[in-house]
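Quick one: the structure is below, and I'll ask about it shortly.
The values are calculated or read from the model by the stated rules, or taken from the named source; none is laboratory data. Bear in mind the structure is a predicted one, so any value in this text is a computation, not a measurement. A quick note on method: Cβ atoms are made from the backbone with ideal geometry, for glycine too, and the neighbour counts reach across all protein chains shown.
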Amino acid sequence: MAKKTKPKKLKPIEKNIGIEREFNKALREFSKEALKSVHYWSIAQINKYKRGDITNISKALSIEFSDLLKSWDKKSEVFAKKLSNAINDRIKNYVDLGFKNQGKEYVLQTLSRKSAQVLNANILQNIALIKTIPRDIIEKYQVLLYNNITDFDLQATQKTITTFANTTLRRVKTIARDQTAKAIENYAMARSQDLGFEYYIWQTAKDERVSKGKGGHNQLEGRIYRYDTPTAVIDSYGNKGHCSQRVNCRCVSSPLFLEPNQTLKLVRDSNAGDYYVLVKK
């Protein structure tokens, strides 16, 4: 029977709370602007109806909401591109510095096609998510107005409006936290492969918040996986993936060195997914 051996690894690129906070702050300001704008716009539509300026309110609101959505789509496109590119630059520099600090041999002067694609995918994902923020706000107000247009009472609906705002800001915080973690880990994994690493060690946050049970990540701690083949079960639905791919996942990967006297043995696991163990040759 092959004897297990201790792995040698690089330090993982940890999450960056500073970048996350910067992302969250910008998204909060943008969201508050959208909430305020859509709120006052909605009140204006109600006042038009009450003055008798609008007769067919349903038709008018449908047209007005469509125009409002187009307007905010344009605004959010510009904002999302600018913010996503800025955050992505911060993440690239942070990850590259994380490798550089572990030795000059881990500094890469050029960006591989794979790493460039990962960075671009991060930007596109962020843009798509940011654009949903004002859309979601507009859709919520649209439903509110349609259901209460004939007897709209601002004070009576204030609780619902406050809930809209709080829900939006909580979602924004989740987006900032989750997308920052994903972008850092995705780029770190791509750069690890650029450096010639084929395997990594899964590392959890090692606290009480680490998920347990079916699809839980506590059972993945310390296991070895291939970068190019996701085999770890990352959720209760049986989906397989890498660190940080599940929403709010805090796990990170540590690139694994293989010494000349070491090899990897595949272990089959129908519950948590197949993985490798390091053994002596």
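Those residues that are within 13 Å of the chain's Cα centre (by Cα) and surrounded by fewer than 17 Cβ atoms within 10 Å (Cβ to Cβ), I need them from segment 122-147; list them, please.
Of everything in segment 122-147, those that are within 13 Å of the chain's Cα centre (by Cα) and surrounded by fewer than 17 Cβ atoms within 10 Å (Cβ to Cβ) turn out to be L124, Q125, A128.
Another question about this same structure. Looking only at residues that are at pLDDT 95 or above and part of a loop (DSSP other than H, G, I, E, B) in segment 251-269, which one is farthest from I175 (Cα to Cα)?
Taking the candidates together, the pick is R268.
For segment 1-54, what are the residues that are at pLDDT 90 or above and either in contact with a His (Cβ under 9 Å, 6 or more places away or on another chain) or part of a loop (DSSP other than H, G, I, E, B) (or both)?
L10, K11, P12, I13, E14, K15, N16 - these are the residues of segment 1-54 that are at pLDDT 90 or above and either in contact with a His (Cβ under 9 Å, 6 or more places away or on another chain) or part of a loop (DSSP other than H, G, I, E, B) (or both).
Of the conditions (1) in a helix (DSSP H, G or I); (2) surrounded by 13 or more Cβ atoms within 10 Å (Cβ to Cβ), K159 fails just one. Which one is it?
(2)
Confirm whether R177 is touching a residue at least 12 places away in the same chain (Cβ under 8 Å), under 21 Å from I17 (Cα atoms) and assigned to a helix (DSSP H, G or I).
yes
Identify the residue in segment 185-222 that is within 20 Å of the chain's Cα centre (by Cα) and small (G, A, S) and, among all such residues, is farthest from L10 (Cα to Cα).
Checked segment 185-222; the qualifying residue farthest from L10 (Cα to Cα) is G215.
Evaluate the following for L278: is it assigned to a strand (DSSP E or B), modelled with pLDDT under 95, touching a Lys or Arg at 6+ places or on another chain (Cβ under 7 Å) and under 24 Å from K11 (Cβ atoms)?
Yes: the conditions hold for L278.
Would you please name the residue that is surrounded by the most Cβ atoms within 10 Å (Cβ to Cβ), looking only at residues in segment 87-121 that are touching a residue at least 40 places away in the same chain (Cβ under 8 Å) and among the hydroxyl-bearing types (S, T, Y)?
S115
Anything in segment 205-248 that is surrounded by fewer than 20 Cβ atoms within 10 Å (Cβ to Cβ) and part of a strand (DSSP E or B)? List them, or say none.
Of everything in segment 205-248, those that are surrounded by fewer than 20 Cβ atoms within 10 Å (Cβ to Cβ) and part of a strand (DSSP E or B) turn out to be R226, T229, K240, G241.
Now, a different point. Report yes if some residue within segment 26-43 is surrounded by fewer than 16 Cβ atoms within 10 Å (Cβ to Cβ), small (G, A, S) and in the same structural domain as T160 (by TED's automatic domain parsing); otherwise report no.
No: zero hits.
Looking at S66, S84, can you tell me which residue is surrounded by fewer than 19 Cβ atoms within 10 Å (Cβ to Cβ) and part of a helix (DSSP H, G or I)?
S66
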